[in-house]
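Take a look at the structure below.
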Amino acid sequence: MENDNIIDFYPSEKGIAWVVPESKDKVRIGIAGLKEPHTYFDRFCTTILGNDYKEKLIAKQAGPIPLYNPHIKTQIKNTYIIGDAATMVKATTLGGIMQSHIAAQCLSTSITERKNYERAWRKRLGKDLWMHLMMRKAMDKFKADDYNRLIRMFKKEKNRRILEEHDRDFPTRFAMKLLFNEPGLMYFSKFLV
Ligand SMILES: Cc1cc2nc3c(=O)[nH]c(=O)nc-3n(C[C@H](O)[C@H](O)[C@H](O)COP(=O)(O)OP(=O)(O)OC[C@H]3O[C@@H](n4cnc5c(N)ncnc54)[C@H](O)[C@@H]3O)c2cc1C
């Protein structure tokens with residue numbers, strides 16, 4: 001697909017979809033959704049590429065993506081789980097690479113220094129993974145208007161700056177600042193009930 005070298009991201013009631021340029025005429029198109037992902041993918045590709053999209057596909061891959069489970073047990077005696085297997089994935093974006101790396105550091109020092117792995121990774125990642133999960137739970141109830149409202153808020157320079165200046169992997173570090181800056185965000189708290 002011809003493209004202008006810009007990543008497009010489409011949040012919707014069905015899940016999230018993206019178009020990521022790989023070269024001038026090649027892109028990676030993806031979707032992640034909870035229900036009937038094949039139908040969602042089919043519709044999304046038809047919208048983006050047209051009815052004959054299957055003829056334009058170079059390769060297709062699919063796989064399960066875990067959602068963070070705060071109650072998961074990640075250690076039994078000398079057996080540990082980490083990364084996707086331990087659901088260490090940001091439920092907002094479904095990314096987990098940095099989280100897996102941080103947990104790997106925790107595991108390594110826990111083994112060499114005989115410390116508690118479960119406690120170590122939860123201390124570094126637990127609160128933020130939980131906050132991503134809450135945001136996902138809220139967004140899963142959004143209608144198109146709610147997404148438009150959210151996007152309008154983050155088009156404002158003062159809000160965008162906060163997102164640009166902070167590491168979005170760790171929302172607990174700037175959530176309060178954002179809320180003071182944009183009290184309109186409280187509108188979305190109703191989706192957490
Ligand atoms: C489409 C997509 C896009 C993503 N984009 C991003 C992104 O932009 N940023 C981000 O941070 N995260 C992203 N993620 C998530 C990220 O890829 C995962 O969170 C991360 O790869 C998890 O690492 P992991 O080592 O736990 O698992 P994996 O990367 O899945 O590694 C597990 C490995 O174990 C192997 N394996 C499985 N079973 C066995 C077995 N029985 N014996 C031996 N080997 C086995 C598998 O083949 C695999 O190589 C994306 C995920 C998907 C699906």
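The values are calculated or read from the model by the stated rules, or taken from the named source; none is laboratory data. All values derive from a computational prediction rather than experimental measurement. Every residue, glycine among them, receives a Cβ derived from its backbone with ideal geometry; neighbour counts consider all protein chains shown. Note: areas computed on protein heavy atoms with side chains; ligands, DNA, RNA excluded. Shrake-Rupley method; radii C 1.70, N 1.55, O 1.52, S 1.80 Å.
Overview of results
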quantity	calculated
At most 13 other Cβ within 10 Å, DSSP loop - GluC sites (Glu not before Pro), the stretch 111-193	GLU113
Solvent-accessible area per residue, Å², over the chain with all protein chains present [probe radius 1.4 Å]	68
Straight-distance crosslink candidates among aspartates and glutamates, where the alpha carbon sits under 12 Å from LYS54 and sequence neighbours closer than 8 are dropped	ASP42
√(5λ) per eigenvalue of the Cα gyration tensor, the stretch 8-56, largest first, Å	18, 14, 8
Prolate/oblate/rounded label for the stretch 81-120 (Cα gyration tensor, a/c 1.5)	prolate
Ranking by accessible area, most exposed first, for ILE151, ILE16, ILE76 with a 1.4 Å probe	ILE76, ILE151, ILE16
Cα-based reach from LYS77 at 12 Å (exclusive), listing aspartates and glutamates while leaving out same-chain residues under 8 positions away	GLU118
Rounded accessible area of ASP169 (nearest 10 Å², 1.4 Å probe)	30
Longest site-free stretch - the chain; sites: trypsin sites (Lys or Arg not before Pro), DSSP loop, at most 14 other Cβ within 10 Å	157-193
Heavy-atom accessible surface of the chain: percent carbon and sulfur, 1.4 Å	56
Candidates per GluC sites (Glu not before Pro) in the stretch 1-101, loop by DSSP, up to 11 other Cβ within 10 Å	GLU2
Quarter of the Cα convex hull surface for the chain, i.e. its orientation-mean projected area (nm²)	13.4
Residue among THR92, THR79, THR39 with the largest mean-square fluctuation in a Gaussian network model of the chain, springs linking Cα atoms under 10 Å	THR79
For the stretch 23-111: rounded, prolate or oblate by the Cα gyration tensor [a/c cutoff 1.5]	prolate
